[in-house]
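Okay, so here's the structure we're looking at.
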Ligand SMILES: Cc1cc2nc3c(=O)[nH]c(=O)nc-3n(C[C@H](O)[C@H](O)[C@H](O)COP(=O)(O)OP(=O)(O)OC[C@H]3O[C@@H](n4cnc5c(N)ncnc54)[C@H](O)[C@@H]3O)c2cc1C
Ligand SMILES: Cc1cc2nc3c(=O)[nH]c(=O)nc-3n(C[C@H](O)[C@H](O)[C@H](O)COP(=O)(O)O)c2cc1C
Ligand code: SF4
């Protein structure tokens, strides 16, 4: 902070008319590019407040300022101008929607960096939840040449995106979801407080589908016969993915991360997580923040697929938080059996015993593509989108659905 104050004074003395204040360095990159794991929005406000007392030029402040209450509170106190970065990638109409009080129509930024900074070395900046971002002129939504009736099966993010784009293009869309609510994997995924933007995205889809007149049929599981008999020109299967189950008898006592996230299982105080991918690590962090003692056991040499699998700011912040909250991380290790309140772990030549009131399994997801396989030969335009086509993440589910819906 002292160095920042000095820099600000040097810059203003040299003639700078305003300062755009944020924080972080290449060693703490998640401060410059804040992932969803920050507890508070408007995380640069304390720094703006300090600088406002030190220099006499307008202070500009970004850093998740999209909550209008936070923005208004900051004006005059921590800054003179509020700035929006990623929110404008996720929804370029944000300022206009804010002005008109239509906040329920704002597509939220997830803080994931998958589509923006995470891709910067691989292509143009875009956005996970807004596939047209950065290429609006060539990749926007255009009216369909002929109206069709489109049946979409599955109301996860892929099905919802497909429904939204198809309806916006003028098609008549019916979306069938077997559960009582939309969202699919975003429902468990958005349970930890730090993943709340996932639930915001689901609310945004619900509102969009309502505004666009999509007929959403909840608690309607579709089978192959029903799909084949449905009077639709086009069918889109978006049945998503389900957790991979551990097959070993010795691990039968493990419960799934989904069950824990959804509150179907309440874990004890000592938790061993099998699997150090994103779901295992985030669920582990969520439990550690509740005061539980957590150990994550990962077979591979790195958790989270190593520093290059996720956008680096998200990876390093999650890792730092896991360490900060005392999560024990065992790499190159496997849980071989669960005996009472003990998880037996093999790590190289060593065998360890970890105390475990609850063992949780988070070993990945597999495509739920049985419906697609059963109907793919039918004599109609038919697509498989999102995780049911290939298990990936929110961005790929949205982008895949958008691409398909643009072409119906
Ligand atoms: C706990 C968790 C955390 C995650 N965290 C992240 C993250 O931080 N970032 C990220 O990018 N990705 C994350 N993911 C992955 C991401 O959520 C998925 O890739 C994405 O949601 C897939 O969307 P989808 O619509 O293809 O499938 P799903 O979300 O699985 O949706 C499929 C829907 O189809 C319905 N359905 C299935 N069969 C039928 C049928 N026969 N009839 C009617 N409806 C049916 C299901 O009920 C479900 O609602 C996470 C996943 C989980 C489980
Ligand atoms: C694609 C992208 C590029 C960015 N480039 C810079 C940059 O060159 N210099 C900088 O100081 N901040 C940069 N930032 C950080 C933003 O200025 C901003 O501080 C940060 O995104 C947090 O604000 P937000 O929550 O409104 O996005 C960039 C952010 C994004 C998403
Ligand atoms: S890619 Fe993710 S972090 Fe970047 S603007 Fe879009 S939603 Fe926000």
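Bear in mind these aren't lab numbers, they're just calculated from the coordinates by the rules spelled out. Keep in mind that this is a model prediction, so the values were computed, not measured. Heads up, the Cβs are rebuilt from the backbone with ideal geometry, glycines too, and the neighbour counts pull from every protein chain shown.
DSSP finds beta bridges in the chain, and of those with both partners inside it, around 30 percent are antiparallel.
Taking R0 as 41 Å, what FRET efficiency do you get between residue 299 and residue 226 from their Cβ-Cβ distance, rounded to the nearest 0.05?
On the way: r = 40 Å, r/R0 = 0.98.
After rounding to 0.05, the efficiency reads 0.50.
Computed on the chain, the Cα convex hull volume stands at 167 Å³ per residue. For the chain, adding -39500 (n - 2.57) for each run of n ≥ 4 DSSP H residues and dividing by the number of residues yields -9000 deg cm²/dmol at 222 nm. Among beta bridges from DSSP that stay inside the range 249-363, the antiparallel ones total about 45%.
For residue 102 and residue 219, compute 0.36 nm times the residue count separating them, minus their Cα-Cα distance, and round to one decimal in nm.
Values: separation 117, 0.36 × 117 = 42.12 nm, distance 2.92 nm.
This chain segment gains 39.2 nm when fully extended.
Once the piece of chain linking residue 351 and residue 67 is laid out straight, how much longer is it, given 0.36 nm per residue of separation minus the C-alpha distance between them?
Values: separation 284, 0.36 × 284 = 102.24 nm, distance 4.98 nm.
Gain on extension, residue 351 to residue 67, equals 97.3 nm.
For the range 184-219, the residues whose amide N sits under 17 Å from a probe point set 7 Å from the Cα of residue 262 along the beta carbon direction are 184-192, 199, 218-219. Each part gets one Cα centre, and for the range 165-241 versus the range 275-317 those centres are 29 Å apart. Note on the chain: GNM, Cα springs under 10 Å; of 15, 277, 155, the largest mean-square fluctuation is that of 15. Counting 0.36 nm for each residue step from residue 135 to residue 249 and taking away their Cα separation leaves a gain of 35.9 nm.
The Rg/Rh ratio of the range 249-363, with both radii computed over alpha carbons and Rh defined as the Kirkwood radius, is 0.94.
Within the range 69-216, all pairs of alpha-carbon atoms sorted by distance into 5 Å bins from zero give the percentages 2, 9, 15, 19, 20, 17, 11, 5, 2, 1, 0. Counted by neighbouring Cβ atoms within 10 Å, the residues 52, 97 run from fewest to most as 97, 52.
Placing dummy labels 7 Å off each Cα toward the beta-carbon, the span from residue 49 to residue 28 is 1.7 nm.
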